[in-house]
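J.: Quick one: the structure is below, and I'll ask about it shortly.
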Amino acid sequence: MSQYTGELLKEKRSVKDGVMKVILAMQHLIAMFGATVLVPILTGLDPSVALFSAGIGTLIFHLCTKGKVPVFLGSSFAFIPVIVAVSEKYNGDLRYAQGGIIVVGLIYVAVSFLIKKIGLKNIKKVLPAQVVGPMIIVIGLNLIPTALDMTGIMSIASGGNDAVVSVIIACITLGIALLIKKFSKGFLSQVSILIAVVVGYVISLMLGLVSTAEIQSASLVAVPSFTLPKFDIGAIAIIAPVVLAVVMEHVGDITTNGEVVGKNFIEDPGLNRTLLGDGLATLAAGFLGGPANTTYGENTGVLAITKNYNPAILRLTAIFAILLSFVAKFGAAIRTIPQPVMGGISLMLFSMIAIVGVKTIKREKVEFNICNIIVMVAILIIGLSGNFLEKAIGIQITETVSISGLSFAAIIGVLLNVIFTKLKKENN
């Protein structure tokens, strides 16, 4: 009888753990969904293919990184201008953009092998905490304006009064998530985002701000419109240079993810493996007809809030994304989540990322000498005013690609740190 009771309790715990994983995976799905489908919507690619590519890409990434890194890969915003440029040049034939994306994936793979050859010690010399910390802060702060725009606050600031209801809904959603996170423990605390989104959605539905027409008209099951790539040197020349802008972002995102989890993923499983995973995922997306993949700050924010870092949950999210790409009605339902609801949650997620950057500087006990201060201030100023600098001094790589924001800030920060380190050694 005692043995039977023990087995029963064990089975109940197993079921409870399984349900919890499903709910946590759904949170990650909701967090990444809006941004992942927005890229294909803006570029003309198929959103269902983008979801399928994100799911497959995430599984490829986890395979390359030995399943150690709790990361989800979604559509990369950095590729929007170059995909649009290729579309305009080739009369809307996005298969040429796919060819360029495949080349980018191959470059990623080549860089991963190069990093493996150079060695981690040399990488850590140019990426100390005084460089990495501000980079993480910039990642979070650069995303916050997007969240504010989704809430409607930016519209009110520009003189409009029609967004007051949107701002209220965003504040309610954000407030519920924060209150649950602050005053609850265990499972309830970990699903704070999902609860807040559901409440925000219901309020929006009651106020007539949600259109269910898309859900009703959508078919239950539909196969994504997969397409094969075409290759042309002109399209490749437009898309390939974006690698210069996204490699440093990858380093920042993986570092941020590691800081949230409390592990050094740059060291184990290694930056070469994370880049390889990103590259192969982008390669797969190019062959399928989806946008290039990248690590998602939204999902890193979910990790920071829930404190649940199990990579298996992200793999389950990837499976849900793949299944969702075939279920048109459910995808339509997710797409009807109002922007103010997602804006309120995103504000919380992106703020958490910036806070991680501050904690990194504090935990690593960065010495606030004049050299380190210059490095950190330079990264923050350049990273938070990258678009202004681009217009002012024209940091252009091609007509459609420019080094701005985090990428340019990281380059300057790394160079300054190397120079100061070298001068310090010479003086000693």
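J.: Quickly work out the residue 41-to-residue 91 label distance, labels modelled 7 Å from Cα along the C-beta direction, and quote it in nm with one decimal.
T.: Result for the modelled spin labels: 3.0 nm.
J.: Per-residue counts of other Cβ atoms within 10 Å, averaged by peptide: what ranking do you get for 177-185, 74-82, highest first?
T.: 74-82, 177-185
J.: May I ask you to give the average projected area over all directions of the convex hull of the Cα atoms of region 80-135, in nm² rounded to one decimal?
T.: For region 80-135, averaging the hull's shadow over all directions gives 5.3 nm².
J.: Provide Rg and Dmax in Å for region 225-339, with only Cα atoms included in the calculation.
T.: 16.5, 46
J.: Quick one: grab Rg to one decimal and Dmax as a whole number for region 16-76, Cα atoms only, in Å.
T.: Expressed in Å, the Cα Rg and Dmax of region 16-76 come to 12.8, 41.
J.: OK, next. For the chain, modelled as a Gaussian network with Cα springs under 10 Å, which listed residue fluctuates most, 343, 301, 234?
T.: 234
J.: Among 224-233, 311-320, how do they line up from the highest to the lowest mean number of other beta-carbon atoms within 10 Å?
T.: Ranked from most to least packed, the peptides come out as 311-320, 224-233.
J.: Run the simple label-point estimate for residue 179 and residue 207 please: 7 Å along Cα→C-beta, distance reported in nm.
T.: 1.6 nm
J.: Take 353, 169, 30, 373 and order them by how many other Cβ atoms sit within 10 Å, fewest up front. Spell out each step's value before the answer.
T.: Values: 353 29, 169 25, 30 21, 373 13.
Sorted ascending by nearby Cβ count, the order is 373, 30, 169, 353.
J.: Next up: Over its Cα atoms, what ratio of radius of gyration to 2.2 N^0.38 Å does region 2-427 give?
T.: 0.99
J.: Taking amide H positions as placed in the peptide plane 1.01 Å from N, state which residues far from residue 210 in sequence (5 or more) or on other chains have amide H under 5 Å from it.
T.: Sorted by chain and number, the residues that satisfy this come to none at all.
J.: Evaluate the distance, in nm, between pseudo-label points positioned 7 Å from the Cα of residue 333 and of residue 415 along their respective Cα→Cβ axes.
T.: 5.2 nm
J.: Rg (Å, one decimal) plus Dmax (Å, integer) for the alpha carbons of region 43-112?
T.: 13.6, 43
J.: Ok, one more. Once amide H atoms are built 1.01 Å from N in the peptide plane, which residues 5 or more positions from residue 73, or in another chain, come under 5 Å H to H?
T.: Amide H neighbours of residue 73: 58.
J.: Could you work out, for region 33-171, what percent of all Cα-Cα pairs fall into each 5 Å distance bin, beginning at 0 Å and stopping at the bin that holds the largest distance?
T.: In order of increasing distance, the bins hold 2, 8, 10, 14, 16, 17, 14, 10, 6, 3, 1, 0 percent.
J.: Give the residues of region 168-209 whose amide nitrogen is closer than 15 Å to a point set 7 Å from the Cα of residue 156 in the direction of its Cβ.
T.: 168-175
J.: Follow-up. If I take every Cα pair under 8 Å that is 6 or more residues apart in the chain, average their sequence separation and divide by the length, what percent do I get for the relative contact order? Intermediate values should be presented prior to the final figure.
T.: On the way: 746 pairs, mean separation 143.3, N = 428.
About 33 percent, as a whole number.
J.: If you don't mind, there's one more thing I want to ask. As a footprinting exposure proxy, order 144, 176 by other Cβ within 10 Å, with the fewest listed first.
T.: Values: 144 16, 176 20.
Starting with the residue having the fewest Cβ neighbours, the order is 144, 176.
Any read-out appearing in this document is the output of simple, stated calculations on the displayed coordinates, not a laboratory observation. Values in this document were obtained by computation on a predicted structure and should not be read as measured data. Every residue, glycine as well, gets a Cβ built from its backbone with ideal geometry; the counts of neighbours run over all protein chains shown.
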